[in-house]
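One structure is given here, and the rest of the page talks about it.
The values are calculated or read from the model by the stated rules, or taken from the named source; none is laboratory data. It should be emphasised that the depicted structure is a prediction, and the values quoted were computed from it without experimental measurement. Positions of Cβ are generated from backbone atoms using ideal geometry, with glycine treated the same way; all protein chains shown enter the neighbour counts. The accessibility values were calculated without ligands, DNA or RNA, using every heavy atom of the protein model including side chains. Shrake-Rupley method; radii C 1.70, N 1.55, O 1.52, S 1.80 Å.
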Amino acid sequence: MYDFAYHKPASVADAVKLLAADPDAKLVSGGHTLLPALKHRLNKPSSLIDLSGIADLKGIKKVGNSIVIGALTRHVEVATSDVVTAAIPALAYMASHIGDVQVRNRGTIGGSVSNNDPAADYPGAVLGLGATIHTSKRKIAADDFFQGMFTTALEADEILTAIEFPIPEKAGYAKMKNPASRYVMAGAFVSKGPMGVRVVINGAGPGVFRQSAMETALAASWAPGAVAGIKQDADGLNSDIHGSAEYRAHLVGVMAKRAVIAAG
Amino acid sequence: MDTIIPFEGIGASVKRKEDLRFLSGRGRYTDDINRPGQTYAWFLRSPHPHARITSIDLAAAKTMPGVIAIFTGEDMADIGGVPCGWQIHNKDGTPMSEPKHPVLAQGKVRFVGDAVALVVAETRPQARDAAEAIMVDYEVLPAAADMPQAQAAGAPAVHDDIPSNICYDWHIGDKDTTDAAFAKAKHVVKFELVNNRLIPNAMEPRAAIGDYDPTTDEHTLYTTSQNPHVIRLLMGAFVLNIPESKLRVVAPDVGGGFGSKIFHYIEEAAVTWAAARVHRPIKWTADRTESFMTDAHGRDHITQTELALDTDGKFLGLRVVTQANMGAYLSTFATSVPTYLYATLLAGCYQTPTIYAQVKAVFTNTVPVDAYRGAGRPEATFLIERLVDVAARETGIDKIEIRRKNFIRPDQFPYQTPVALEYDSGDYFSTLDMAMKASDWAGFEARRAEAARHGKLRGIGISTYLEACGIAPSAVVGALGARAGLYEVGVIRVHPTGSVTVLTGTHSHGQGHETTLAQLVSDRLGVPVANVDIVHGDTAKVPFGMGTYGSRSLAVGGSAMVKAMDKIVAKAKRIAAHLMEADVADIEFDRGTFRVAGTDKTKSLTDISLAAYVPHNYPIEEIEPGLEETAFYDPKNFTYPGGCHICEVEIEPETGAISVVNFTAVDDVGRVINPMIVEGQVQGGVAQGIGQALLEACVYDPQGQLVSGSMMDYTMPRADDLAPVSVATHTTLCTHNPLGVKGCGEVGAIGSPPAVINAVVDALRDYGVRHVEMPATPAKIWSIIHSNAPRMAAE
């Protein structure tokens, strides 16, 4: 990696100040995406702002009819949280299937969602549950937050602080892993609740997206059979050495069906 | 002396002595070594698969912090290229095309990763920073990214003086008798298959430290090698012109090789050469990206084959036409892999009376391809065992029956094949029967039906294989073009108080030699394994050796130790005869005890060794003091392990997801020294075989860029990709080495891929599938199922 300055602020305000002062700064939380990129010299930040010293960004709590998860909460904490498991078991299930043990022990929800890797798990759950993203300056609806591959509504000096998940009636998640990277090849997060009926596809396309035909079908009849007949268009889906767009389009249907089965 | 010592000899599952240091992170690998005043190397590598270097501007880079020196191909113009160790001749008798492989590119780069410059700096990041500041002007040329491209009309020439891109066009066997066999055949089964290119990925990346002592003019290279003496020979004699007496090569603990660390790589020569220029030690350690880009890859064959059968399903003849990818340059043993390690195996364990094989080796703009666990034999076995399965199906003969019908029978050994080899022993019927029983072959249809009830497609596949290893008789390989002998060296040093140091020319990089070889000494001389030290991997300590590959360490290296122990025992008996005032002919020896026959007069090995080193009462006029013997052992033949692998898979038709649910291996590896280590070796090999069959694909895009260049895109097998692998052995002894051993390092990787693919094809039998190319990924399987959708029940 290249040399960089290192900061470890103790508050969100200090972190924002540092971020605003240096356009080439990068935030780091779990580091599971950023550090490999640094080691490969694919990224050359002038400074790293380590958020791990900000206590306010940690923790899981139930607030009214929502679960609020701090940005620095690690995947393992979400996976094993009694609060999450009781309220949104599909979210705990999803977190327990991210990467491997090492990734879950380091990776954070805020890092994953801010990065918006199209093959990541969390964006599917955030959009699939119609969550609200809390930042250092505002609240953003998930529907407005994800803007395609590695792109979000976050501004240059804005820090994701927490994610607020409305508790659904039902939710389920299913994914097919890329055999090499074990990232998501195609996944589906479905839910029914205060945010309506949602079917969100991750992994298959250049970013997470809502599958509206499936949402309509499930709204009419919440049953695995309702999505099974709906064909996902392969146009615009990812295609690589691990699978064609057609294969991913097919998997979207299979995973949506499985997610509905998982949701019950 | 009534202490009961647990038996640690041949046949005991002694725990691996080396594992304490490996498992507790206390191994000493090349990168763990640091020399005083050490500097660091970074290689600037070509981003282009094929380009002419029009200029290199070092001016900015040379002023970078910490930079000590920067070298390019021009600086090394007068030193040799990295040599190829095996010369193959074309059909017409002319020698193969053998382009120079310069240490640093001269004029042209020929694959992504080809080294253009070497930067030496005080730290590794400084060296890397400076490398990034080197300005290279390239004239980018079209690339020959694969074998079809390289052989197309008007294809770019990887080497300007080899416009055909053909390294050699070789053949073996009798064309006329094979043609005649096909003329009278009842059935001819034709088949085309690819043996997928693999990236080895040893856990430890390659590393090298060059060190030079100007006061003695001695060069030392620490390197991640399976064969330090071979590296000393090749680098000293062919590349750098350093006499052996002034060049020491040390290969300390090495974290896996699988063939990829046999070869002499340019980085070894570059740091050795440059260290003598800058007069400071230079360390280079590959990162994983460099491993993917520059370690020699494996396999990469395209083959057309035909099998002729009579009305009864007896094999009459086999024709094979193979193209083998060499990559951009000839790696050390690249040329021998698709010829003498492949085509000579095409009889497999069958009585095919006549075989004719043609092999074209092709240059492409990809990293060199060379031996990878099994080397040639997995390619041959995959071809044969797929072909036999297809033949069974197309002739309507049961796949077990067709194998039994054609097996070489136990009473036919020694058996001369039509492709040069003479098998000494084997019993393919017994390994088949044992594997069928262990895998409950008879109960499979019930398991298939049960899987179907859960919506899964279950298939079973078998592979009955044979391989040739324990390489190799020097005279034989010499006649075939090898530029080295393939004997092995063993030194047995019995110390004054009876402990033993063994110097062996083989090299352990995970196999457990420190235990297995110690067991040989324990078995013969009665010394506890704890008191036997195995020394390997240092040309300054071990007299000579050819190293470890081709499952040769025990068959050749172990045999050398036996020969040296024969000499020890012979000398010790003479000393014992003197001490016990008996005739040497009356001295009996058994596991450490010398006895005057028919008496209770005995001496221990320690009594003898003490007398040998403290020769107060000693026949000094007749016998030299000391108790140390050296033996060179050159094998009379290859060894021929064989056996039967049976695999069961389940496929989820909705997604194409495939899982190995059962794997049974019954192997004949000759005499088993340590059953636990054999089990581990077979399981590791099977893991690699399953990797090749289901997971691993090295992919270059049509422009010659390596697409599968990291773990993100290259699927290494992981624990959850594998099934429990049940391992058993059935022994027929090798008839020509003193231990009766055959070798077990490669059988897993050789025998398993066709068993897996045969199982996949069996699972897909209702979809009209004749063959599935490796790796059989979920996407590939789904696409097969999907394109046969009419036969599927609607989901």
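Checking the Cα-Cα distances for B:Lys314/B:Lys360; B:Lys190/B:Lys314; A:Lys170/A:Lys257 against a 18 Å cut-off, the pairs over it are B:Lys314/B:Lys360. Which angle from 0 to 90°, rounded to the nearest 10, does the C-alpha axis of helix A:12-21 make with the longest principal axis of chain A? Around 70 degrees separate the two axes. Whole Å is fine, so just give me how far the alpha carbon centre of the stretch B:140-169 lies from that of the stretch B:30-108. Between the Cα centres of the stretch B:140-169 and the stretch B:30-108 lies a distance of 21 Å.
Which value, in square angstrom to the nearest 100, describes the accessible area buried between chains A and B on both sides, using a 1.4 angstrom probe? Please list the in-between numbers first.
Working: alone 11740 and 28810 Å², together 38650 Å².
That pair of chains buries around 1900 Å² in total.
Could you check what % of the DSSP bridge pairs in the stretch B:291-399 are antiparallel, to the nearest 5?
On the way: 9 of 19 bridges.
Here the antiparallel bridges make up roughly 45 percent for the stretch B:291-399.
Annotation: the antiparallel percentage among DSSP beta bridges lying fully within the protein assembly as shown is about 80.
Using only alpha carbon pairs under 8 Å that are at least six residues apart, calculate the relative contact order of chain A and give it in whole percent.
Details: 611 pairs, mean separation 40.7, N = 264.
That works out to 15 percent.
Express the relative contact order of the stretch A:170-263 as a whole percentage, based on alpha carbon pairs under 8 Å and six or more residues apart in sequence.
Numbers: 194 pairs, mean separation 32.1, N = 94.
Rounded, it is 34 percent for the stretch A:170-263.
The apolar share of the surface of the stretch A:136-235, taken as the fraction of accessible area on carbon and sulfur atoms (1.4 Å probe, ligands and nucleic acids excluded), comes to 51 percent.
Normalised by the number of residues in chain B, the average gap of Cα pairs under 8 Å and 6 or more apart makes the relative contact order 15 percent.
Computed with a 1.4 Å probe over protein heavy atoms only, the accessible surface of chain B comes to 35 Å² per residue.
Return the percentage of antiparallel bridges among DSSP beta bridges fully within chain A, rounded to the nearest 5 %. Before the final figure, lay out the partial values.
Working: 36 of 43 bridges.
Counting only bridges with both partners in chain A, antiparallel ones make up about 85 percent.
Let me know the shape class of the stretch A:170-263, please: from the alpha-carbon gyration tensor, a ≥ b ≥ c as square roots of the eigenvalues, rounded when a/c is under 1.5, otherwise prolate if a/b is greater than b/c, or oblate. Because a/c hits 1.5 or more and a/b exceeds b/c, the stretch A:170-263 counts as prolate.
I'd like the GluC sites (Glu not before Pro) in the stretch B:488-584 restricted to DSSP loop residues with at most 14 other Cβ atoms within 10 Å, sorted by number. It would help to have the intermediate numbers written out before the result.
Numbers: sites: B:Glu488, B:Glu514, B:Glu581; in loops: B:Glu581.
Within the stretch B:488-584, the qualifying GluC sites (Glu not before Pro) (loop, at most 14 other Cβ atoms within 10 Å) are B:Glu581.
At most 15 other Cβ atoms within 10 Å plus a DSSP loop assignment makes a site exposed; report the longest stretch of chain A without any exposed trypsin sites (Lys or Arg not before Pro).
Numbers: sites that count: A:Arg41, A:Lys137, A:Arg138, A:Lys231.
Segment A:42-136 is the longest.
Shape of the stretch B:183-295 from the C-alpha gyration tensor: prolate (a/c of 1.5 or more and a/b above b/c, with a ≥ b ≥ c the square roots of its eigenvalues).
List the DSSP H helices in chain B whose Cα atoms stretch 27 Å or more along the helix axis and whose mean Kyte-Doolittle hydropathy is at least -0.5. Each step should come with its number before you reach the end.
Working: long enough: B:559-579 (30 Å, 0.39).
The answer, listed by residue number, is B:559-579.
With all protein chains in place and a 1.4 Å probe, the accessible surface of the stretch A:70-127 carries 55 percent carbon and sulfur. Cα convex hull, the protein assembly as shown: 202 Å³ per residue, rounded to a whole number.
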